[in-house]
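One structure is given here, and the rest of the page talks about it.
The values are calculated or read from the model by the stated rules, or taken from the named source; none is laboratory data. Note that the coordinates shown come from a computational prediction; the quantities given were computed from them, not determined experimentally. Here the Cβ is made from the backbone with ideal geometry for all residues, glycine too, and neighbour counts use every protein chain on show. Surface accessibility is based on the protein's heavy atoms, side chains included, excluding ligands, DNA and RNA. Shrake-Rupley method; radii C 1.70, N 1.55, O 1.52, S 1.80 Å.
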Amino acid sequence: MDPKRRRVLLATAALLATTSGAIAVASTAEAATTLGASAAEKGRYFGTAVAAYKLSDSTYSGILNREFNSVTPENEMKWDATEPTQGSFSYGSADQIVARAKSIGAKVRGHALAWHSQQPGWAQNLSGTALRNAMLNHVTQVATHYKGQIDSWDVVNEAFADGGSGARRDSNLQRTGNDWIEVAFRAARAADPAAKLCYNDYNTDGQNAKSNAVFAMVQDFKARGVPIDCVGFQSHFNSQSPLPSDYQANLQRFANLGVDVQITELDIEGSGTAQANSYASAVRACLAVTRCNGITVWGIRDSDSWRASGTPLLFDGSGNKKAAYTAALDALNGGTTTPPPTTTSPPPPTTTTPPPPTGDGCTATVSLNQWTGGFVATVKVTAGSARINGWTAGLTLSSGSSVTNSWNATASGSSGAVSFSNVAYNGGVNAGGSTEFGFQGTGTGPATATCTSR
């Protein structure tokens with residue numbers, strides 16, 4: 001994805017004049033009719049990316065003040081903006097956005113501490129230990145400056161390569177050592193212990209090689225105690241890359257690792273009913289996942305978007321509400337349990353109704369999403385009348401079928417009779433409670449499973 005375009009700041013005097021004026025906050029009577037207030041009723045936020053130089057635009061600021069309860073600085077917190085010269089930090093534009101957020105009672109998502117793109121020239125000319133130390137100093141200084149003011153930080157942004165390899169992106173930061181992401185998170189935690197620390201990326205919205213690689217990293221971090229609290233899904237969609245049918249399921253599998261999930265840069269190219277339906281689906285997917293705690297759209301009006309020609313946002317260039325806005329608001333007001341409609345042709349999952357837990361031990365039931373040549377199986381392990389401290393689920397694959405990857409469990413075998421055992425964080429299940437794991441495979445997926453407990 002091309003980096004978001006940097007904007008040239010307007011005159012400082014004009015900006016100061018805007019921020020010094022009184023800002024109206026939505027009244028209680030308006031609560032059910034704005035995106036932010038409606039999201040707040042569900043315990044979530046609905047935010048937008050903000051450019052400091054546009055705060056002097058009355059239409060832009062009016063929509064921001066009325067509609068959103070979270071803001072993300074579009075470019076103002078990135079490395080080239082905050083440390084243009086090594087060791088010399090510049091926070092003016094970012095501070096302005098933080099001040100505006102505070103004035104309207106909005107959260108702030110910090111974006112982004114470490115990224116291969118939009119680095120200042122001096123950092124691009126470093127490598128090895130010198131770059132590693134400069135990156136750590138940058139993370140520490142910026143996170144310390146905003147200590148206590150940031151709800152969530154995108155600590156590391158876009159560190160995995162596109163395509164089917166599942167590999168890390170070959171960047172100057174990656175070449176300082178494979179542990180660079182981990183050390184960035186540890187530095188951020190030390191600098192601002194209260195902020196949620198997120199990994200953020202694009203083209204990870206459904207299950208694929210890239211999202212599987214991110215999943216494995218998060219799973220490893222959680223197992224080893226590396227401080228990570230959330231995963232951001234950018235969610236840039238268009239007709240060539242639509243909202244995937246397994247969007248909600250993908251958010252859920254990450255949430256099952258014990259992290260929050262956030263939709264961080266949502267924009268959907270298109271218009272009319274198709275665009276509106278996609279926005280509604282994205283909102284419903286988040287509402288259906290308990291740990292999806294917020295949605296951010298990447299810009300306010302279509303004309304503010306980094307891909308304005310695709311008219312991807314909720315307000316048109318004049319600031320008028322689009323059909324997509326109404327659909328998003330209606331989805332927010334429609335409850336938390338409605339699943340999003342699928343957008344592709346695979347058949348819906350077939351679910352085996354779990355029997356009620358009886359006696360000791362455990363039961364395992366399978367939900368199967370099958371398509372020609374492959375499947376994803378989600379297995380729910382349910383404890384009986386007593387707590388269990390470990391479990392193993394057994395399944396039998398048909399001839400020619402095999403397991404290609406799994407999550408939330410340790411796999412044994414890839415074809416024929418296979419088994420999956422709990423990992424460190426999901427072995428203990430209280431009486432009548434349940435946990436889930438999943439796996440992907442080729443061929444035909446199994447419909448039933450057995451369970452033994454420890």
For Lys321 and Asn178 in the same chain, what is the full-extension length gain: residue separation times 0.36 nm, less their Cα-Cα distance, in nm? 47.0 nm
Simple spin-label estimate for Arg454/Ser398, 7 Å along Cα→Cβ, in nm, reads 3.3 nm
How large is the accessible surface per residue of segment 188-337, computed with a 1.4 Å probe and reported in Å² as a whole number? 30 Å²
Members of Lys42/Lys107; Lys42/Lys222; Lys107/Lys322; Lys222/Lys380; Lys102/Lys147 lying beyond 19 Å, as alpha-carbon distances in this model show: Lys42/Lys222; Lys107/Lys322; Lys222/Lys380
Residue-span extension gain [Ser117 to Ser385] - 0.36 nm each, minus C-alpha spacing: 91.1 nm
Carbon and sulfur %, accessible surface of segment 175-302 computed with the full protein complex present, 1.4 Å: 48 percent
Projected label distance in nm at Ser90 and Thr410, using a 7 Å step from Cα toward the beta-carbon: 5.2 nm
Considering only protein heavy atoms, what per residue accessible area in square angstrom results for segment 394-454 with a 1.4 angstrom probe? 44 Å²
Find how much the distance from Ser165 to Asp330 grows on full extension, using 0.36 nm per residue of separation minus their present alpha carbon separation; answer in nm with one decimal. 55.5 nm
At 7 Å along the Cα-to-beta-carbon direction for both Ala308 and Lys42, put a label point, then send me their distance in nm to one decimal. 3.1 nm
Size of charge dipole - segment 267-313 - debye, nearest 20, with Cβ of Lys, Arg +1 and Asp, Glu -1, no other charges: 200 debye
Expected vector for segment 201-206, Karplus 3J(HN,Hα) from phi with 6.51, -1.76, 1.60 and θ = phi - 60°, integer Hz, x for Gly and Pro, equals 7, 10, 6, 10, 6, x
Distance from a point 7 Å along Cα→Cβ of Gln240 to each backbone N in segment 257-281: keep the residues under 15 Å and list them by number. 269-270
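Assuming R0 = 35 Å, can you tell me the calculated FRET efficiency for the pair Thr59 and Ala216, based on Cβ-Cβ distance, to the nearest 0.05?
The value I calculate is 0.20.
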Excluding residues fewer than 8 positions from Lys210 in its own chain, the aspartates and glutamates with Cα under 15 Å of it are Glu158, Asp162, Asp170, Asp201, Asp246
